[in-house]
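Asks: Once you've had a glance at the structure underneath, I'll fire off some questions.
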Amino acid sequence: MSTGNENAVLRYIVSDHNFKEDLSKIRSEVGRPIILLFDEGNALAGSRVHLEKLRNIFMNTTGFMLIIVGTHALFPVMDEVFSPIVRQFAKINVGEFKDKKDTQECIKKPLEKIDIDPEEILDPMIYRDVEEIHDLTGGRPYEIQLICHMMFRRVQSGQAKKMELDFNVLEDVRRQLEESQDIATRPLLSKIRRLSKTQLEALQLICSCERHAT
């Protein structure tokens, strides 16, 4: 590692055999099957070396189950390394929320878990009607949680008294999505980019009427 070559560390210094021996000792000590959960699995898609290491260690190591959570961007690389992925993993696709009640639960439950009354901290418009967030996110849990995180952060920092959906929150969300995902592929954004200047001006006028006109 002192040379800065992390791939060398993975491939040569810590052998697959030593990893397997350690895992076998842990399993024997615990005396039961072990589940390893890898959240943010998309980080693995950027390192074929790590995926190959994962495959080599666990292909013939009994008593372990791997759960890797990520978006669809993870699958192509996983397919290449595990040739194909379906031989080693069962793919479970979790889609967007169809029912707005699920979106409402996604907004309220994290607050309730930390003993915060959603009715006290959420903007009344959001508390009573989650349709705006549901439609904006397409019911995708990650984006719902991201919006809520940005709203809550503004309350924590004293920039807002309640969790409310405004331009600043949406701008923070946009920046975060641009850094973490290829948002250029989003169908909605593609449609927006195709709008003419006249259409954009009309859209701006409509937006300025929100909550002021029927």
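What follows is calculated from the coordinates using simple rules that are stated; it is not laboratory data. For clarity, every value in this text was computed on a predicted model and none was experimentally measured. Cβ atoms come from the backbone with ideal geometry, glycine included; neighbour counts cover every protein chain shown.
Asks: What number comes out for the charge environment of Val130, summing +1 per Lys or Arg and -1 per Asp or Glu over other residues with Cβ under 12 Å away?
Replies: Details: positive: Lys100, Lys101, Lys108, Arg128; negative: Asp99, Asp102, Glu105, Asp123, Asp129, Glu131, Glu132, Asp135.
Charge balance in the 12 Å sphere: -4.
Asks: I want to check a number: in the chain, how many lysine pairs have alpha carbons closer than 27 Å, given a sequence separation of 8 or more or different chains?
Replies: 28
Asks: Starting from the alpha-carbon convex hull of region 63-120, give the projected area averaged over all orientations, in nm².
Replies: Seen from a random direction, the Cα hull of region 63-120 projects 6.6 nm² on average.
Asks: Right, something else. Quick check: from the Cα gyration tensor, does region 58-214 come out rounded (a/c under 1.5), prolate or oblate?
Replies: Oblate is the answer for region 58-214, as a/c is 1.5 or above yet b/c matches or exceeds a/b.
Asks: Can you order the peptides 202-214, 18-30 by their average number of other Cβ atoms within 10 Å per residue, highest first?
Replies: 18-30, 202-214
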